[in-house]
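Undergrad: Structure provided below as structure tokens; questions to follow.
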Amino acid sequence: MLIDKDKSSLLIIDVQEKLFSVMPKPHTFINNIVKLQKAAKILKIKNYCSEQYPNGLGKTIDKINENFFELTKKFEKVEFSVQLSKISDLTSQYIVCGIEAHVCVLQTAMNLAKNNNVYVVQDAISSRYEKDYLTALSRLDKHPNIHIVSCEMVLFEWLRTSAHPEFKTISQLIK
């Protein structure tokens, strides 16, 4: 199933100061999250951002915060999974990115996949340890309603065609 921009929302999970600082190669996955945010803004796709216990883990990093726009809803949580009541809308497809892949990303994706299609963006998630990242991807990939995708896949599926009015703008994000 292709991602439909009119049926999807972007969910950014726990990209916070103390978590971000211990991730391997953090700028790679952060840059992909920013691409998704910018494309969501251009295409007017609703997005959500969670913060896991911000008093202890810090706030969302500046690079993510500066790309929020009017369709962004930000909220705090203490559970590892995002509570579905925080993101309930008419969306049937969730584009999921953030940290940590094997904890909050995995638990959120599994919960969302009970009633929705979930697209976990493998190059926009991270874990401190590669084995945890790889184990999370392997486990997520086995669920029938969870699809492992790349950032570029999301962008081009949102567009569907090079004739889309925003094609040139979105394609400039991929550099």
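Undergrad: Show the residue pairs that are 6+ apart or on different chains and have beta-carbon atoms under 9 Å apart, the first residue being within the range 102-129 and farther than 16 Å from residue 149 by Cβ, the second being open to solvent by less than 10 Å² (accessible area, probe 1.4 Å) and part of a helix (DSSP H, G or I).
TA: 102/136; 103/136; 110/140; 127/101; 127/105; 127/136
Undergrad: In the range 24-85, which helices (runs of 4 or more DSSP H) lie fully inside it and hold 3 or more residues that are under 19 Å from residue 126 (Cα atoms) and in contact with a helix residue (DSSP H, G or I) (Cβ under 6 Å, 6 or more places away or on another chain)?
TA: Correct list: 26-43.
Undergrad: Identify, by number, the condition in (1) buried (at least 21 other Cβ atoms within 10 Å of the Cβ); (2) polar (S, T, N, Q); (3) closer than 23 Å to residue 3 by Cβ that residue 107 doesn't meet.
TA: (1)
Undergrad: Identify the single condition in (1) on the phi < 0 side of the Ramachandran plot; (2) open to solvent by less than 40 Å² (accessible area, probe 1.4 Å) that residue 41 does not satisfy, given that it satisfies every other one.
TA: (2)
Undergrad: May I ask you to verify whether residue 59 is open to solvent by 60 Å² or more (accessible area, probe 1.4 Å) and within 15 Å of the chain's Cα centre (by Cα)?
TA: For residue 59, the condition - open to solvent by 60 Å² or more (accessible area, probe 1.4 Å) and within 15 Å of the chain's Cα centre (by Cα) - is not met.
Undergrad: Now for a separate question. Quick test of your reading of the structure: residue 20 fulfils all but one of (1) farther than 16 Å from residue 104 by Cα; (2) under 15 Å from the mean Cα position of the chain (by Cα); (3) not polar (S, T, N, Q). Name the failing condition by number.
TA: Checking residue 20 against (1) farther than 16 Å from residue 104 by Cα; (2) under 15 Å from the mean Cα position of the chain (by Cα); (3) not polar (S, T, N, Q), the one that fails is (1).
The values are calculated or read from the model by the stated rules, or taken from the named source; none is laboratory data. Please read all numbers here as calculations on a predicted model, not as lab measurements. Positions of Cβ are generated from backbone atoms using ideal geometry, with glycine treated the same way; all protein chains shown enter the neighbour counts. We work out accessible area using only protein heavy atoms, side chains counted, and drop any ligands, DNA or RNA first. Shrake-Rupley method; radii C 1.70, N 1.55, O 1.52, S 1.80 Å.
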